[in-house]
1. Compute the angle between helix 4-17 and the longest alpha-carbon principal axis of the chain, please, reported from 0 to 90 degrees and rounded to the nearest 10.
2. Just to compare against my own numbers: the Cα pair-distance distribution for the stretch 4-156, 5 Å bins, whole % per bin, please.
3. Among 44, 17, 34, which one shows the highest mean-square fluctuation when the chain is modelled as a Gaussian network with alpha-carbon springs under 10 Å?
4. How high is the relative contact order of the stretch 4-156, in percent, with contacts defined as C-alpha pairs under 8 Å that are six or more residues apart?
5. Sort out for me the Cα centre separation of the stretch 56-75 from the stretch 1-42, rounded to whole Å.
6. Report the gain in length on full extension from residue 17 to residue 42: 0.36 nm times residue separation, minus Cα-Cα distance, nm rounded to one decimal.
7. For the pair residue 75 and residue 32, how long in nm is the line joining their label points, each one 7 Å along Cα→Cβ?
8. Have a look at 129, 89, 102 and tell me which one the Gaussian network model of the chain (Cα, springs below 10 Å) gives the largest fluctuation.
């Protein structure tokens with residue numbers, strides 16, 4: 001069985017290879033899931049979303065959310081992924097958020113196509129252009145699962 005350091009490395013490799021995270025929330029016994037592009041930076045998952053979206057409203061109102069990240073695979077032996085619970089909050093304007101924004105732009109380079117050549121890509125210009133806000137998902141519980149290790153393998157890890 002792999003040790004925690006090895007599992008963390010595998011989890012980070014998977015996280016950094018994926019672009020989409022499924023964010024799940026609930027209200028009045030009705031669950032909801034929404035895919036969001038994300039970047040992982042300093043133990044948090046940063047993403048853009050409309051402040052009016054159902055998943056943001058429910059996550060902020062309840063103070064809780066869950067998320068999953070996994071690659072597209074074709075056999076049960078290849079199933080692996082990340083399952084998390086935690087909370088969503090606005091990213092704010094602190095240094096970590098600015099650095100996460102730069103990492104997001106680097107990861108999703110195509111976003112530059114939506115701006116004029118030479119226009120400075122800043123958090124505020126991005127927010128105005130797409131009418132979105134920058135959020136962060138902070139996991140409080142995170143599991144790495146991997147059927148390549150063993151069928152049904154799942155282990156809690158810390159990033």
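1. Taking Cα atoms only, the helix is inclined about 40 degrees.
2. All Cα pairs considered, the percentages come to 2, 9, 18, 20, 18, 15, 10, 6, 2, 1, 0.
3. Judging by the Gaussian network model, the answer is 17.
4. Value for the stretch 4-156: 26 percent.
5. Using only Cα atoms, the two centres lie 7 Å from each other.
6. On the way: separation 25, 0.36 × 25 = 9.00 nm, distance 1.62 nm.
Gain on extension, residue 17 to residue 42, equals 7.4 nm.
7. Modelled inter-label distance: 3.9 nm.
8. 129
No value in this document is a laboratory result; all are computed from the given coordinates. Bear in mind that the values here come from a model prediction, so they are computed numbers and not experimental data. A quick note on method: Cβ atoms are made from the backbone with ideal geometry, for glycine too, and the neighbour counts reach across all protein chains shown.
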